[in-house]
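Down below is the structure, laid out as structure tokens.
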Amino acid sequence: MSTADKPVDHESTHGDVPDSFEDPGLPYHRPRRADVDPKAANKAERQVAALFGLSILGTILALGAYFMIDMTGEIASIRFANMMIGLGIFLAMMGIGLGAIHWAKTLMRDHEMVEERHALRSSDEARAGAIQNLQDGVEDSGLGSDGSGTSRRGLLKGSLITAVLAAPLALLVPQIGNMGGQWNTREFAHTMWRQGMRLTRDPDGTPIKAADVTIGSAFHVIPDGLNDLEHGKIEAKAKAVVLLIRLDPRDLKIQPGREDWSFDGIVAYSKICTHVGCPVALYEQQTHHLLCPCHQSTFDVADGAKVVFGPAKRPLPQLPIAIDDEGYIVAKSDFHEPIGSSYWTRLKNTSDGLSGDTEGGSH
Amino acid sequence: MGARVNAVAGGTANWVDERTSIGGFVKFFARKLFPDHWSFMLGEVALYSFIVLLLSGVFLTAFFVPSMTIVTYDGPLATMQGVEMSEAFASTLHMSFEVPGGLLMRQIHHWAALLFTAAILTHMARIFFTGAFRKPRELNWLVGFTLMILSLAAGFSGYSLPDDVLSGNGLRIIEGVTRSIPILGEYVSYWMFGGEFPGEALIPRLFTMHILLVPGLILGLIALHLFLVFLHKHTQYPGGGRTHKNVVGLPLFPVYTAKAGGFFFVVFGVIALVSAVFTINPVWNYGPYDPSPVSAGTQPDWYMLFIDGGLRLMPGWLFDVIPTEWELWGYTIPMNVLVPAVIMPGLFFGFLALYPWIEAWATGDRGEKHVLDRPRNVPVRTSLGVAIITFYVVLVLEACNDIIAILFHVSLNDLTLFLRVAVFVLPVLAYLITRRICLGLQRKDRELVLHGKETGRIVRHAHGEYVEVHEPLDEHERWILVSYDDIAPLEIAPEYNDRGVRRKGYKWDRFKQGLSRFYFEHRISPVTPQELEEAKHAHH
Amino acid sequence: MHSLARHRYHRAAPVVLVLLLLGLIAGIAAAVSTASSANAATTTSADDVSEGQKLFAANCASCHGLGAEGQDGVAPSLIGVGAAAVDFQVGTGRMPMQASGPQAIAKRTQFSQAEISQLAAFVASLGAGPAIPTAEQVDPALGDAANGMQLFRTNCAMCHGSVGGGGALSQGKFAPNLWETTPTHIYEAMLTGPQSMPVFNDANITSEGKRDIISYLKAQDEGSPGGLRLGTIGPVAEGLWGWFLVLGLVVASTVWIGARSS
């Protein structure tokens, strides 16, 4: 099928046949019933009026519902009030719309008319005039290339262009500068966790004993004292949330270099996905898989929270934990790598004093 | 009384005209002709849902407080008693539960937004498939394209305003995507959020963007869009008497004033009906934003699904060995985020924006086109369009993978693996199948022109043969099927001239010829009068 | 101004009364059934244990073993899982398992409440484990729905959806819808962590917290103030309805507008 599916080069036996078909012109206009039958026209008129009447009823319904229905705070009363007002608006609008369209379709002109198009291109005289006017303007401004003193005019042009390009900076730099609030991107690498800080329950902030965390349990954790923060509580929480899980110690594959980061099968991992930062929270107890509901990155908690499926590439950062004198679970330090999604300088920004352990990316 | 009304109307008109010379405008506009076709009203759907958005939005601004200051809820909703939340969320609950009609207005606003974006895409698809973007309308395509992008911005900024968990997690994804941009990403993130995520600046900033900046731009561009429609006059479908030099239709006043004006009320009515009956965006279910919780079924509104689908589709590891997040010279380049959320949308939208120029350049078609194409008569464009839509739909399906998994009892992992292949294969298949269908339809058109319509009447010839009587098309029916351009692929000069010297620019010409062949190699030419004559003779 | 409202209430009165009556009956029935299970749990006798052992041998032992010690790769040990686990697994019809699959599916239970209690008593006698909660522990009316909302969204919503509509897990597993689940079963599921679900012992979510969660879930029975709920699966359902219903209706009207009147 490499060429057109068209018979080529016939011996022309029909010399009088034209090369192409001719436009037959507009088709014959067939009148509507309402055009020829006054009864049909009257009927259409009544239908239109009835639709407009329906609209008036709708308005009355909407206003009536607004004034008469008490919203007591009960779900059902809120639903009833909104539904009645809504249905009233629906009728009020639909009646006008259907009426007007029915009117147009049955009673207004339906015999199509023809309008010629005009070329969009300006006429040659208009173009010539435009060019002349622009040239005159350039001359008046003194920017024309003819005549003397071109260097001064070059200076004019250059300085004007520079000034116009530079002036927005006077607005934009303060604007953009202020909008950032701060520019220290090393903040990405720090969270609220510190050595000895207790792991507490989200949202009430009560500390957790190791004995509380039975095998198969998943605790959603915030740092002790987060709820008492005066400022930046949500920002701190956005980085510090942790999922605390206890596995059967026999199932847990301890990662090299992290031998003392867990306690008897209890591990703590950042809850913020290393893909684009959703909270990874679906813990499947039997498979030890953590699933992110946003984009389905799946991490194996039993094996260093490495990625087993989905768009994330890096394992979830692990929070090293220990047990304090009273039996509560505490952090041994901040995370050893920036939590959450990747960014350009992620490998440059490691946590306070604990650098180097940013690998763990092996799969 | 009629005379009096006339006198008053005339007096008023005179008063206004003497101050505005409005007479000229009225003369110009009142009897402008518009062709009648249902598909020409899709753009109006977008326009009217935007007006509904403005009307309901004004209502909402009267009650919404764009603030991230934390307050404690004390209202009628039992499941929120004593819960800490931002003022933005609290005011959303207040307008939903304590203002009569407030929840209705929220639902009208949100349903109208879904309709607005859906109507824009449908309108855009109509323009694409009928070739209405061709000269002289390329600029207006670009204006419409920009409106489409702005509708996404308007939708996303508004979706995030209630400060609920669902939209908050959406914003966190946006933050993650922003951070992934090499070199600048971290700073752009700080710039957007006013510091670390989520900060306290975002809701007020999104509010200004949502109620001032974006709708202002949309209004301005709508004015430009409509101005260009009037300037170019409307396109029309092929038919007798409809040419590139005229427009056949009914006058703006009174027919389209009534039809299009009435249609606004129909659109408003449909939105009101749906809003009265169906819940949308129940933020009281999601609760106020908190960075820790997340719920199953975390998806954005439909118009952002394709980006979310891309993020889900892209693996972090290719075949479990090649990472898609690169660490080069100590810097991190997360291609697993950049490809689906930055590069793919960039290419996708870039191709759409430039398509009129791409096609005109590839086909060398330079004339003004006011009669629309029937999609079957431009098989390559139609197939490209269907392939693009298929690609888009695969991404949307992937964004719904958890919903599909639970509804149809399939594994979401298997579904994702399947769609990772499908995103490449299905568009190609869709392209090939659509082209086949187009060519088949064109052949059928030829059949119809040459041999007429089947009538269902069977007659027996004298020599015993049964044949079905075919009724020839009338000239109007035939004209629609034969009046399209038959463009042959570009012919180029040979590489070597007769003296065996290689000519300059041959490679470029070859490239252009390749493009031209891509568009026109597979085509079915319309029936000529001569062929019709021969077919008639063959019958008798 | 309130006359219409009053009138409407008058007209609706019979319907409301009937509904109230039905609700009352359902409430009593639910209270009775949970009360009976609680009673059964608290007053286990040696008879129950021996009856339970027979039921266990007939229905469960083929997988879990006669002594409920489990078989590697087939079925877990049930020693120490407690009466709550049995009441949940058997009471929701998940056990006995019909066919092996990604997860055990809830279906009509094969046993009477008395038989389930006997099975539970037998398994509880094998080793200490969580007991079946009392009626008071699971009474939604005693819970704080707002606290339940906060606990639910932190601990449950990521799998079960924001209001318990359910959601997908990996590899074909899913978290079920919770609206039809009885308060006792919800409580037991949290306590015992069946299948993929993690354990939420009383140290993680207190007994009152669990009741608050039940209260939050039962508050969903009131429906949505916005009208029909579209499955509460979020923006995907809304988008689907937006395209097919809203745009569908509007496009249908454009076809009518564009069609020529006869």
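The values are calculated or read from the model by the stated rules, or taken from the named source; none is laboratory data. Everything numeric in this text was worked out from a predicted model, so none of it was measured. Every residue, glycine among them, receives a Cβ derived from its backbone with ideal geometry; neighbour counts consider all protein chains shown. The protein model used for the area step is the full one, side chains on, heavy atoms only, and it has no ligands, DNA or RNA in it. Shrake-Rupley method; radii C 1.70, N 1.55, O 1.52, S 1.80 Å.
Could you say whether any residue in the stretch C:191-203 is aromatic (Phe, Trp, Tyr) and surrounded by fewer than 23 Cβ atoms within 10 Å (Cβ to Cβ)?
From the stretch C:191-203, those aromatic (Phe, Trp, Tyr) are C:200; that's our starting set.
Still in the list and also surrounded by fewer than 23 Cβ atoms within 10 Å (Cβ to Cβ): none.
Checked the stretch C:191-203: no residue is aromatic (Phe, Trp, Tyr) and surrounded by fewer than 23 Cβ atoms within 10 Å (Cβ to Cβ).
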From (1) in contact (Cβ under 8 Å) with a residue 24 or more places away in the chain; (2) touching a helix residue (DSSP H, G or I) at 6+ places or on another chain (Cβ under 9 Å), pick out the condition that doesn't hold for B:Ala13. (1)
Scan the stretch C:49-106 residue by residue and report those that are open to solvent by 30 Å² or more (accessible area, probe 1.4 Å), over 18 Å from C:Gln118 (Cβ atoms), in contact with a helix residue (DSSP H, G or I) (Cβ under 7 Å, 6 or more places away or on another chain) and not in a loop (DSSP other than H, G, I, E, B). C:Gln71
Of everything in the stretch A:100-120, what is more than 7 Å from chain B (Cβ to nearest Cβ) and either outside any loop (DSSP other than H, G, I, E, B) or hydroxyl-bearing (Ser, Thr, Tyr) (or both)? Give them in sequence order. A:His102, A:Lys105, A:Thr106
Filtered residue count, the stretch C:135-172, keeping only those that are of a type in the set (Ser, Thr, Tyr) and open to solvent by less than 10 Å² (accessible area, probe 1.4 Å): 2
Among the residues of the stretch B:84-94, is there at least one that is more than 10 Å from chain A (Cβ to nearest Cβ), among the β-branched types (Val, Ile, Thr), assigned to a helix (DSSP H, G or I) and open to solvent by 30 Å² or more (accessible area, probe 1.4 Å)? no
Only residues that are of a type outside the set (D, E, K, R), more than 8 Å from chain B (Cβ to nearest Cβ) and surrounded by 14 or more Cβ atoms within 10 Å (Cβ to Cβ): list them for the stretch A:19-49, please. A:Ala34, A:Ala40, A:Ala41, A:Ala44, A:Gln47, A:Val48
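Identify, from the list A:Arg194, A:Arg250, the residue that is open to solvent by 50 Å² or more (accessible area, probe 1.4 Å) and out of contact with any strand residue (DSSP E or B) (no Cβ under 9 Å at 6 or more places or on another chain).
Details: A:Arg194 fails: out of contact with any strand residue (DSSP E or B) (no Cβ under 9 Å at 6 or more places or on another chain).
Result of the check over A:Arg194, A:Arg250: A:Arg250.
Name the residues in the stretch C:171-208 that are assigned to a helix (DSSP H, G or I) and of a type in the set (S, T, N, Q), would you? Full working, then the answer.
In the first step, residues of the stretch C:171-208 are kept if they are assigned to a helix (DSSP H, G or I); the result is C:171-172, C:183-192, C:207-208.
Hits for the stretch C:171-208 are C:Gln171, C:Thr184, C:Thr192, C:Ser207.
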Going by the conditions given, is B:Phe391 open to solvent by 30 Å² or more (accessible area, probe 1.4 Å), over 18 Å from A:His295 (Cβ atoms) and at pLDDT 95 or above? yes
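Yes or no: B:Leu532 away from chain A (no Cβ under 14 Å) and surrounded by 14 or more Cβ atoms within 10 Å (Cβ to Cβ)? It would help to see each step written out before you state the result.
On the way: away from chain A (no Cβ under 14 Å): no; surrounded by 14 or more Cβ atoms within 10 Å (Cβ to Cβ): yes.
Spelling it out, it is not the case that B:Leu532 is away from chain A (no Cβ under 14 Å) and surrounded by 14 or more Cβ atoms within 10 Å (Cβ to Cβ).
Anything in the stretch B:470-489 that is outside any loop (DSSP other than H, G, I, E, B), in contact with a Ser or Thr (Cβ under 9 Å, 6 or more places away or on another chain) and of a type outside the set (A, V, I, L, M, F, W, C)? List them, or say none. Full working, then the answer.
Here is the first cut: in the stretch B:470-489, the ones outside any loop (DSSP other than H, G, I, E, B) are B:470-471, B:475-482.
After this cut, where a residue has to be in contact with a Ser or Thr (Cβ under 9 Å, 6 or more places away or on another chain) as well, the list is B:470-471, B:482.
Selection gives B:His470, B:Glu471.
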What do you reckon, is B:Gly261 assigned by TED's automatic domain parsing to the domain that holds B:Pro340, without any contact (Cβ under 8 Å) to a residue 40 or more places away in the chain and either open to solvent by less than 10 Å² (accessible area, probe 1.4 Å) or not hydrophobic (A, V, I, L, M, F, W, C) (or both)? yes
Residues that are more than 25 Å from B:Leu171 (Cβ to Cβ): find the helices (runs of 4 or more DSSP H) completely inside the stretch B:238-317 holding 3 or more of those. B:257-277
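Within the stretch C:205-217, is even one residue touching a His at 6+ places or on another chain (Cβ under 6 Å) and not aliphatic (A, V, I, L, M)? If you could, list the steps in order and put the result at the bottom.
Step one: list which residues in the stretch C:205-217 are touching a His at 6+ places or on another chain (Cβ under 6 Å), which gives none.
Among the residues of the stretch C:205-217, not one is touching a His at 6+ places or on another chain (Cβ under 6 Å) and not aliphatic (A, V, I, L, M), which makes the answer no.
Where in the stretch B:137-203 are there helices (runs of 4 or more DSSP H), lying fully within it, with 1 or more residues that are away from chain A (no Cβ under 11 Å), under 22 Å from the mean Cα position of the chain (by Cα) and surrounded by fewer than 22 Cβ atoms within 10 Å (Cβ to Cβ)?
Numbers: elements: B:138-160, B:165-180, B:185-193.
Result: B:138-160.
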State all residues of the stretch C:222-236 that are surrounded by fewer than 21 Cβ atoms within 10 Å (Cβ to Cβ) and either assigned by TED's automatic domain parsing to the domain that holds C:Val163 or in contact with a helix residue (DSSP H, G or I) (Cβ under 7 Å, 6 or more places away or on another chain) (or both); if no residue qualifies, say none. C:Glu222, C:Gly223, C:Leu228, C:Leu230, C:Gly231
Among the residues of the stretch B:278-319, write down those that are within 9 Å of chain C (Cβ to nearest Cβ), in contact (Cβ under 8 Å) with a residue 60 or more places away in the chain and within 21 Å of B:Gly82 (Cα to Cα). B:Trp284, B:Tyr286, B:Gly287, B:Asp290, B:Pro293, B:Val294
Out of the stretch B:504-515, which residues are at pLDDT below 85 and either open to solvent by 60 Å² or more (accessible area, probe 1.4 Å) or assigned by TED's automatic domain parsing to the domain that holds B:Glu359 (or both)? B:Lys504
For A:Gly216, state whether it is over 28 Å from the mean Cα position of the chain (by Cα) and open to solvent by less than 50 Å² (accessible area, probe 1.4 Å). yes
Could you tell me whether the stretch B:281-290 includes any residue that is open to solvent by 20 Å² or more (accessible area, probe 1.4 Å), more than 26 Å from B:Ile108 (Cα to Cα), touching a helix residue (DSSP H, G or I) at 6+ places or on another chain (Cβ under 7 Å) and in the same structural domain as B:Leu42 (by TED's automatic domain parsing)? yes
Can you spot a residue in the stretch A:69-90 that is within 8 Å of another protein chain (Cβ to nearest Cβ), small (Gly, Ala, Ser), under 26 Å from A:Lys105 (Cβ atoms) and open to solvent by less than 60 Å² (accessible area, probe 1.4 Å)? no
